[in-house]
Amino acid sequence: MYDEKMKLEIFQNLLSQLSQKIPLSRRFIPVPEKLEGFGLLEFDSEKCWACSACKVQCPEEALKILETGKKRTIALEYWKCVACGECVDSCPKEAVRIKRIFDLEAFLKREVLKCVEAEVKSCVRCGKTIAPVPQHIEVKQNVSELVVPQTYLSDISDYCEECRRQLSALTLLKTRRKL
Amino acid sequence: MMQERRYSICPFCGLGCGLYLTTVNGEVTGVDYAMDHPFNEGALCSKGNTSFEVIQRHDRLFEPMTRIESEFRPVSWEEALATITSSLKKIKEKHGGQSIGIFASAKATNEENYLVQKFARKVLETDNLDNGIRLCHAPSMLALRESFGFPYPTGPLEDLEYADCILIIGVNPFESAPVLARRILRAREKGAKIIVADPRRTRTSWHSDFHLPIYPGTDIQLIKAFIQTILQSKLQRKEFLRDRVESLNDLERLVADSSPEIVSSMVRIEPEYIRKVALTFALADKASIVLGDGLTQHVNGTEAVGWLVNLALITGNIGRRGTGVFPLLDQCNMMGASDMGALPEFYPGYVEAEHKGLTLIEMIESAHSEQMKAIFIIGMNPMASFPNTSFVREALTKLDLLAVQDIFMTETAKLAHFVLPTACWAETEGTFTSTGRRVQKLTRALEPPGAALEGWRIIARLADQLGKGELFRYNSWEEIFKEIVANVPSYEGLTVDDASRMGGAIIPKDRAQLYENRFETEKGRASWRHATYATSIERESLPFTLITGKILHHHGTGSMTRRISFAMQETGEPRLEISEEDLSALGLGDGDEVYVRSKLGEIRVKTKIARIESKVVFLPFHFPDLSPNNLIPINLDPASKTPELKGIPVSISKAK
Amino acid sequence: MLATASYRSVLKKVFFVDLDRCIGCKSCQAACSREHFGKPLVFVQTMEEHAVPLHCQHCETTPCIKACPKEAIEKTDQGIVLVNEIKCIGCSACVTACPFGILQLDEQRKVVVKCDLCKNKVEAGEFPTCVRTCPAEAAKFIPCIGCNICAVACPFAKRFGPLPKW
């Protein structure tokens, strides 16, 4: 899509057009109907899994994940966003939408906007993140509808995938009487 | 976009596994499996699987270069060869042919090595010619040849699966040559007992029935204790000794002072355990011995192999399938380079040379004392593989002429006056001889990069420039091969077809299992090895003993494997292996950095907790920047001139 | 009860790991990563004196399929569990669901990846790459006799109903 320099140019044009009609004292500017490449992401924190599919799919690497022990924050480096809609399409919970509004101040000041914050479930063995809590709860719920052993629900889901592999290996060794 | 496959042989260790290189439009894209190969049956270790990554690296040497100060500038082949040969001519005229030396490559083909030795002896008139076997298995070659007649492993490697007992000493094949595990584990599945002697618990010892955590450098005492136990329990194979070996004479007396109780404190193993292992070995119907650098890279290396020979003889374990002594040569053509006479003491076919030249380390010492004036190094990296790195640097820097032929700019190439780019294994045709004595043909998968030339062509051109071109008029590798077959006794009767079929042919032809009825000695009998060659050396009394060795995924001095993404992801840097107790006694934890100091110098390296003997530490040598060779003084085994690279006294201290 | 096909019943082969043979050399990992965009899909877990290579079990119950919000994982007619890389959004729900920890997010390619039983090779009658390369003959792809001992022995199958017959 558009790179930063092009955007800035287009913007200068837009500003001069708009300033002729509207006094430019507002931060949020409505984006004209046929204009592509501008928008503002809105995350529904009730629905959002904080799974980062949006971050993975973003072609501009505008979305970032910040994790500190217990919490995961999804943030947007706003000046990179081209409102392409990949995040909207890829979201498993349909928790993202793009408002046709441009945050001029955030763009010019190169702000990192906080989109959503969620707690993460940490591995009981090594402390690494397994998944954000909303996703973890729903996955566990889904899986429990299958005929799977109690061990999954009570033990395995508390471990990250690396520890699960170690555990699987240990269990295999025990069952085959190697340990 | 057609995918093509070219059958070739893995360029890393000495097992000689067959594989296919896949190419698409002249690009090497991957590897495929030669399921019908009689040795590896398609299997490949992580090195073989990723070998193709090395071929088309952007940093391959592709044009001849000359060094001005510390800058390299490209030159044409004409200029490079003309300057090198005129320099060689002058040096030869002024100081004689013996002031020139050649380091031949254990990774170059038989054809190239055959020409190298011809060039050395007929053109340069020097016997100062050696190859990498000197660093590890010259002791094995000499001891086996003296006792049995041939310097070779005594049977085909595949036959290990028929053994009832396998003693693996001073080598860790499950990490350095994983495909050998196939045969050893098949034997185990059928009930064979596996004995591993190693100061470390390695992947090889995971699958062992007996693990002897031997203190480095005490192999002779251990093996003598085995023999003493066997003689005491009267388990020697009397018929075999009567029919096949020279008389017993002094053997009993020589081992009298080596009972398990007496050697126990030296080898640091309980006497009862030593006795149990000895009896297991002796009672087995067919026992084999697999040996490596851990045993040979000591000042008593040849003596140690000699005692293994004695152990094999006393238990009658030569000449039958499932028995034998198997030194594991660790380069793809170390066997071949030696067969071709790229050795100072032998002509092709192990005919004793009239005048014995200098060995690898001796050439370095001679260069250091300015008697040797020129060295041509082919496919070897002494700056990373020889002991006392700073001494080696000084020696090479003093030379009037240092020319290095290689595929990458190695630490050694950086010191050269001339660097010559050569074709790698995938870009040349010729044969390799594996440690299992298989002569196998390589198929070219693509052309060498840029102006790089096949090794044998470079030698032919040098010879031509020096006026002896008529001895080197070959149009193809096959012509050289035919000359080899005519001139090297053990290669007699081989055809190009033999070498080209999958699995090649084991030499001597139709004699895969050696010594079935007689030994290749004058009287047809094997002889005992009692000679003591070792001189005692002054050793500092420092608290730790350093051993060096190989780790998974890496090979040699790492000039190839440090360019492979998988190997670097798995192990990107060396770690000093140390026991948990020793590390916590230093007040440190896993991963903390330490200084390792010997009388020569020090290096700073990260630690790793491992199951290794108390007060013994291990460092791999695949990473020249943190090479243990910086710490190791030059001490040679008097018989084989192999340097001691294990059992070095060091001190360890916390690094801030 | 689930009546999903198992690759064991369709291909009549089972992935068997001989733990007496595995030497932890990771040749399978090296080979697998070469065949799969530089990311190995088999994991060699090393413990003190043992090594266990872990593959996708292509389970009966497929918790990964159940957890996927985009129906991007499917079980083929052959019983092989495959990630549809076009539908996959990389949300990692399946990663959380897999009891063996086999699925991984490949951030570069923006999809989740897992062992595909070397589908193309297997369909052509060859063995999976890890089996072909294993130096120690630890990874095997051997005829399945349908005895169900795997189900009984499966450490994760403590509450398991009767399996479909084949």
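Annotations for the structure displayed:
- Gaussian network model of chain C, springs between alpha carbon atoms under 10 Å - residue of C:THR129, C:THR76, C:THR62 with greatest fluctuation: C:THR76
- Other-chain or far-sequence residues with amide H under 5 Å of A:SER122's (modelled H): A:ILE130
- With θ taken as phi - 60° and the Karplus curve 6.51 cos²θ - 1.76 cosθ + 1.60 applied, the whole-hertz 3J(HN,Hα) list for region B:36-51 is 8, 5, x, 8, 8, 6, x, 4, 9, 7, 4, 5, x, 5, 10, 4 Hz, x standing for glycine and proline.
- Peptide C:15-25, shielding by other chains (average Cβ, 10 Å cutoff): 6
- Between B:ASP590 and A:ASP158, the FRET efficiency estimated from the beta carbon spacing at R0 = 22 angstrom works out to 0.30.
- Packing, as the average of other Cβ atoms within 10 Å across residues, places the peptides C:96-109, B:267-280 in the order C:96-109, B:267-280, highest first.
- Degrees, to the nearest 10: B:477-487 long Cα axis against longest axis of chain B: 50
- Each Cα pair of region C:7-153 feeds into the Kirkwood radius, which the Stokes-Einstein equation turns, at 10 °C and 1.306 mPa s, into a diffusion coefficient of 100 µm²/s.
- Hz values of 3J(HN,Hα) by residue in region B:549-562 - Karplus curve (6.51, -1.76, 1.60), Gly and Pro given as x: x, 10, 10, 3, 6, 10, 8, x, 8, x, 5, 9, 5, 6
- Each residue, B:LYS398 and B:SER500, gets one label point 7 Å from its Cα in the Cβ direction; the gap between the two is 5.0 nm.
- The ranking of B:VAL605, B:VAL179 from fewest to most other beta carbons within 10 Å of each one's beta carbon is B:VAL605, B:VAL179.
- All Cα pairs of chain B, percent lying beyond 40 Å: 25
- Built from the Cα atoms of the protein assembly as shown, the convex hull projects on average onto 46.4 nm², one quarter of its surface area.
- Spacing of the two label points (7 Å from each Cα toward its C-beta) at B:LYS356 and A:PHE28, in nm: 9.2
- Placed amide H near C:CYS144: partners under 5 Å, 5+ positions off or other chain: C:LYS13, C:VAL14
- Computed over the alpha carbons of region B:281-403, Rg followed by Dmax gives 18.4, 59 Å.
- Volume per residue of the convex hull around the Cα atoms, evaluated for region B:544-654, comes out as 103 Å³.
- Neighbouring partner chain Cβ atoms per residue of C:95-108, average, 10 Å criterion: 6
- Taking C:SER6, B:SER651, B:SER390 and counting other C-beta atoms within 10 Å, the order from fewest to most: B:SER390, B:SER651, C:SER6
- Solvent-free Debye scattering, log10 I(q)/I(0), computed from the Cα coordinates of region A:106-146 at q = 0.20 Å⁻¹: -0.71
- Rounded, prolate or oblate (a/c below 1.5 giving rounded, otherwise prolate when a/b exceeds b/c) for region B:3-54 by Cα gyration tensor: oblate
- Sites counted here are GluC sites (Glu not before Pro) in a DSSP loop (not H, G, I, E or B) having no more than 10 other Cβ atoms within 10 Å; the longest part of chain A that contains none of them is A:62-144.
- J(HN,Hα) series, region B:108-124, from Karplus relation 6.51 cos²θ - 1.76 cosθ + 1.60, nearest Hz, glycine and proline x: 8, 5, 4, 4, 5, 5, 4, 5, 4, 6, 5, 4, 4, 7, 8, 9, 7
- Each Lys and Arg adds +1 at its Cβ and each Asp and Glu adds -1 at its Cβ; summed about the Cα centre, chain B shows a dipole of about 680 debye.
- Our analysis of region B:138-327 gives Rg over Rh at 0.92, with the two radii drawn from alpha carbon positions and Rh computed by the Kirkwood formula.
- Chain A - mean residue ellipticity at 222 nm from DSSP helices (-39,500 (n - 2.57) per run, n ≥ 4, rounded to 500): -10500 deg cm²/dmol
- Annotation: amide H of A:PHE102 within the under-5 Å range of A:ILE29, A:VAL31, sequence separation 5 or more or interchain, hydrogens built in the peptide plane.
- Electrostatic dipole magnitude of region C:7-153 [Cβ: Lys, Arg +1; Asp, Glu -1; Cα centre; debye, to 20]: 280
- Degrees, to the nearest 10: A:133-144 long Cα axis against longest axis of chain A: 50
- With a 10 Å cut-off around each Cβ of C:65-73, the average count of Cβ atoms from other chains is 4.
- Restricting region B:532-592 to chymotrypsin sites (Phe, Trp or Tyr not before Pro) in coil, as DSSP defines it, with at most 16 other Cβ within 10 Å: B:TYR533
- Taking B:MET372, B:MET383, B:MET568 and counting other C-beta atoms within 10 Å, the order from fewest to most: B:MET568, B:MET383, B:MET372
- Principal axis box of chain A, alpha-carbon based, largest edge first, Å: 81, 28, 25
- When Rg and Dmax are taken over the Cα atoms of region B:411-502, they come to 15.1, 43 Å.
- The distance separating the Cα centre of region B:143-203 from that of region B:395-415 comes to 36 Å.
Only the coordinates and a few stated rules stand behind these numbers; no lab work does. This structure is a prediction, so every number in the text was calculated from the model and none was measured. For neighbour counting, all protein chains shown are included, and Cβ atoms are generated from backbone atoms with ideal geometry for every residue, glycine included.
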